[in-house]
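*Asks:* Please find one structure pasted underneath; my questions will follow.
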Amino acid sequence: MKLGEALVSVDLITNDQLKEALKRQVMFGGRIGTNLIELGHIKEQDIVAFFSKYFKTPAVDPKVLEGVDPEIISALDKKFAEKYCMVPFRRDRNRLHVAMLEPQTFDRLEEFRFMTGFDIIPYVMSELRLLYCLEKYYGIKRDIRFISVYDKLCEPGTKVDETDWNAQAVKIAEHFTVVNDKNHVVDILLNETTPVAARAAVFELNGLLVSGWKGREINVEGFEDTIRDSSVYEEALKGKGFFRGQIEGNSANMRLIELLHGTPQESCIVPIRFHGKDIALLYVDNGNENVLDAGLGFISTLVAMAEISFEFVLLRKKLYNAISSS
């Protein structure tokens, strides 16, 4: 029995909730448990407790992962931790207690013992916390879609309930499916940022060159800049995989600051990728005097939809070419 079906069988979720989570998983990725938490259909502690029974493996207490000794972290190589999604948190002589998404089979645990020199003692945890720990202890960056949801989990008294957003996301996705060309994709992307950002712009990337593509309340026509060290472009592309905060007033950012007529209280820049290559940057802010209302999850979801929409444009061209050549 698959994990989702097992959750339904013990009445933790309904069939309709499972179907909704599976649709979201296809659209945004992540494991089924993460999507159920994002939708507000199940609490993190409940699904982890279920994992423990399902896999017959103890669950790790999140508190023990808050300050793991660096020596214990170093017991597991970064590449190994990333490949197998593991975070060590305790060591007893030759036994290494490790949190992971899914407990491995006995044969695989024996393989790990041979590779690491430790007897691996497995514990289950949620995908959201595991990815956070991999970033915290190994510097392995999370996709930004996971960040805002995890932050909500860590804020006392905050309820993760994104049902309204899910319905909104479906409507937005429908807009992205009827695009005619790349400019149409950019138009939709800029328009959909309107409820949360007073200004938005898309900048095209060509090597180290940053060029204005289209803007909303920002005139990017004729704008050109260069990606340099210590620039917000570099941080968005090579640092965290995004930039959010106040733009530093250094020479590397001066052209952008001039374009914005000052330094906004808070800005967000997210790369747009196509076929594994960064092709553009989405920039949003709420004017120079206000902070952003948008969460990273919302912005990253819009970008993910735009990336898929660019694929639709390419497929449409291929279809038309096939018709014209027949």
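*Asks:* All but one of (1) part of a helix (DSSP H, G or I); (2) more than 18 Å from the chain's Cα centre (by Cα) hold for residue 301, so report the exception by its number.
*Replies:* Here residue 301 meets the rest and fails (2).
*Asks:* Related question: Here are 103, 122, 88: which of them is over 16 Å from residue 67 (Cα atoms), touching a strand residue (DSSP E or B) at 6+ places or on another chain (Cβ under 9 Å), crowded, with 16+ Cβ neighbours inside 10 Å and modelled with pLDDT of 85 or more?
*Replies:* None of the other options fit; the residue is 122.
*Asks:* Are any residues in region 257-282 within 15 Å of residue 216 (Cα to Cα), in contact with a helix residue (DSSP H, G or I) (Cβ under 8 Å, 6 or more places away or on another chain) and not small (Gly, Ala, Ser), and if so, which ones?
*Replies:* 268, 269, 281, 282, listed by residue number.
*Asks:* While we're looking at this one, here's another question. Inspect all residues belonging to region 171-186 and state whether any of them is touching a residue at least 24 places away in the same chain (Cβ under 8 Å) and among the acidic types (Asp, Glu).
*Replies:* For region 171-186, residues touching a residue at least 24 places away in the same chain (Cβ under 8 Å) and among the acidic types (Asp, Glu): present.
*Asks:* What's the total number of residues in region 166-202 that are of a type outside the set (Val, Ile, Thr), part of a strand (DSSP E or B) and out of contact with any Gly (no Cβ under 6 Å at 6 or more places or on another chain)?
*Replies:* Residues meeting the conditions: 2.
*Asks:* So, one more: Based on this model, can you work out whether residue 14 counts as modelled with pLDDT of 90 or more, in contact with a strand residue (DSSP E or B) (Cβ under 6 Å, 6 or more places away or on another chain) and of a type in the set (S, T, N, Q)?
*Replies:* Judged against the criteria, residue 14 is not a match.
*Asks:* Starting from region 242-261, keep only residues that are closer than 26 Å to residue 140 by Cβ, then list their pairs with residues that are exposed (fewer than 13 other Cβ atoms within 10 Å of the Cβ) and at pLDDT below 95 whose Cβ atoms are within a distance under 8 Å, requiring at least 6 positions of separation or different chains.
*Replies:* 248/230
*Asks:* Hey, can you tell me all the residues within region 20-41 that are surrounded by fewer than 19 Cβ atoms within 10 Å (Cβ to Cβ), more than 18 Å from residue 171 (Cβ to Cβ) and more than 16 Å from the chain's Cα centre (by Cα)?
*Replies:* 22, 40
*Asks:* Under 8 Å by Cβ, and 6 or more places apart or on different chains, what pairs join a residue from region 191-214 that is within 19 Å of residue 179 (Cα to Cα) and without any contact (Cβ under 8 Å) to a residue 60 or more places away in the chain with one that is of a type in the set (Phe, Trp, Tyr) and crowded, with 17+ Cβ neighbours inside 10 Å?
*Replies:* Every condition considered, no pair remains.
*Asks:* Next question, about the same structure. Under 6 Å between Cβ atoms, at least 6 apart or on separate chains: pull out the pairs that start in region 1-16 with a residue that is loosely packed, with under 10 Cβ neighbours inside 10 Å and end on any residue that is among the hydrophobic types (A, V, I, L, M, F, W, C).
*Replies:* Once the first residue is loosely packed, with under 10 Cβ neighbours inside 10 Å and sits in region 1-16, no partner that is among the hydrophobic types (A, V, I, L, M, F, W, C) comes close enough.
The values are calculated or read from the model by the stated rules, or taken from the named source; none is laboratory data. In this text, all values refer to a predicted model and were calculated from it rather than measured experimentally. We place every Cβ from the backbone using ideal geometry, glycine too, and count neighbours over all the protein chains shown.
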